[in-house]
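The next block holds one structure in the form of structure tokens; read it before the comments.
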Amino acid sequence: MQKIYLCQQLARVKLSRAGWASSVPDVPAAPSTRPARALRGGRPGALLLLGVAVLTSCSSPQSALDPAGPSARRLEALWWGLFAVSAVVWLVVLLCIVYALVRRRGQEVKPRGGGTRAVVVAGLIIPTLVLVGTFVATLSVMRAEAEPPDEPALTIEVIGHLWWWEVRYPDFVTANEIHIPVDRSVRVELRTADVIHSFWVPPLTSKTDLIPNMDNELWLLADEVGVYRGQCAEFCGAQHAGMAFLVIAQPADEFDEWMADQARPAETPTDPLALRGREVIESQSCAACHTVRGTEADGDIGPDLTHFGSRRTLGAGVAPNDPGWLGGWISNSQTIKPGNLMPPQPLAPEDLNALIAYLETLE
Ligand code: CUA
């Protein structure tokens with residue numbers, strides 16, 4: 001949060017020069033260190049605050065403990081099972097230690113019969129049963145995870161890049177946003193264009209790595225309509241944390257409509273400002289890296305922008321997709337997501353305005 005806040009301030013300085021500052025949305029200020037000081041002071045309120053924070057984190061668009069599909073539900077049951085077993089083992093060991101410290105304090109320990117039997121039972125047989133039991137439970141979940149519960153509605157391809165997600169549907173390409181029909185499984189083939197990444201949507205599925213020169217796959221199934229946040233789960237460089245995506249589960253008719261819209265090339269804008277923006281994208285360096293189907297822009301280094309205006313976020317989830325953030329991103333995305341491949345674009349303010357207007361029409 002501290003980093004996003006600082007980046008936002010930097011973007012605000014840059015944007016104020018380009019006349020966009022008033023539309024930069026506010027991100028809440030970085031949290032102060034007050035809770036940490038309160039904890040050191042031993043205030044009971046701080047512990048309560050911590051407890052509430054832990055409990056609220058269980059219910060979020062990115063919580064494995066708030067499942068919305070059969071795969072994540074199975075994993076949640078396994079998690080709670082392993083948690084319960086670990087808690088019982090921890091409690092028994094703790095009670096033994098407390099008993100030894102409190103009840104036997106100062107007493108002379110004399111060797112007694114039965115010691116060997118206690119070591120064999122408590123140190124060998126019980127741990128073996130616990131470990132074998134949890135291992136078998138884990139294996140059965142892994143086996144159930146291997147195949148989807150129904151015939152997949154479609155197969156898509158997700159390719160990891162530093163630091164964004166290319167999503168290839170049969171008829172079009174998009175980025176950082178995966179739409180799926182609710183209650184139907186979708187097969188996802190996973191590849192990487194560079195280093196190892198890991199695809200993880202905690203409310204829907206287990207995580208699977210994207211490994212160079214290797215094809216992996218998983219399936220996604222949401223049985224509740226909703227927006228679920230996914231995140232790269234394998235450290236892949238400076239913007240590993242800034243490599244997020246959304247999975248949007250929709251009713252079948254909405255999903256079909258979205259597929260049909262996305263398959264169409266970009267429409268020619270009627271607004272003169274947006275029309276000028278299209279000329280900017282075709283004549284400037286944008287076209288070397290990005291594709292907008294239906295125009296001369298056909299680069300394949302960065303995300304496909306044909307329906308950019310329909311996406312909810314910028315830069316793989318680091319900022320909302322609105323004109324203020326978009327202006328900052330085009331002018332100098334390095335202030336928002338340092339290290340990403342897109343260089344600053346020193347456009348004239350009127351070209352920048354036109355480009356923003358055009359990109360926002362690409363729905
Ligand atoms: Cu990609 Cu971490």
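Coordinate-derived values only; no laboratory data. Note that this is a predicted model, so its numbers are computed, not measured. Using ideal geometry, Cβ is built from the backbone for each residue, glycine included, and neighbour counts are taken over all protein chains shown.
Hey, with R₀ at 45 Å, roughly what FRET efficiency would D298 and D66 work out to, going by the Cβ-Cβ distance, to 0.05?
The computed FRET efficiency comes out at 0.65.
What is the distance, in nm, between label points placed 7 Å from the Cα along the Cα-to-Cβ direction at D183 and at R143?
Between D183 and R143, the simple spin-label model gives 3.0 nm.
Fully extended, how many nm does the chain gain between D171 and C289 (0.36 nm per residue separation, minus their Cα-Cα distance)?
40.5 nm
Apply 1/(1 + (r/R0)^6) to the Cβ-Cβ distance of R105 and V85, taking R0 = 30 Å, and write down the FRET efficiency to the nearest 0.05.
Rounded to the nearest 0.05, the efficiency is 0.45.
Per 0.36 nm of contour for each residue apart, how much would the distance between L275 and L154 grow if the chain were fully extended, relative to their Cα-Cα spacing?
40.0 nm
Quick one: Karplus J couplings for the stretch 242-250, per residue in order, coefficients 6.51, -1.76, 1.60, θ = phi - 60°, nearest Hz, x for Gly and Pro?
Working through the residues one at a time gives x, 10, 10, 7, 10, 10, 10, 8, 10 Hz.
Take the Cα atoms of the stretch 206-342, find their three principal axes, and give me the spread along each one in whole Å, biggest first.
47, 40, 31
If you consider only alpha-carbon coordinates, what radius of gyration and Dmax does the stretch 144-250 have, in Å?
12.8, 39
Once you have the Cα-Cα distance between L131 and A118, take 0.36 nm times their residue separation minus that, and quote the gain in nm to one decimal.
Contour length minus Cα-Cα distance gives 2.8 nm.
Long-range amide H contacts for I180: which residues qualify at under 5 Å (H placed 1.01 Å from N, peptide plane, sequence gap of 5 or more or a different chain)?
Hits under the 5 Å cutoff: I248, A249, Q250.
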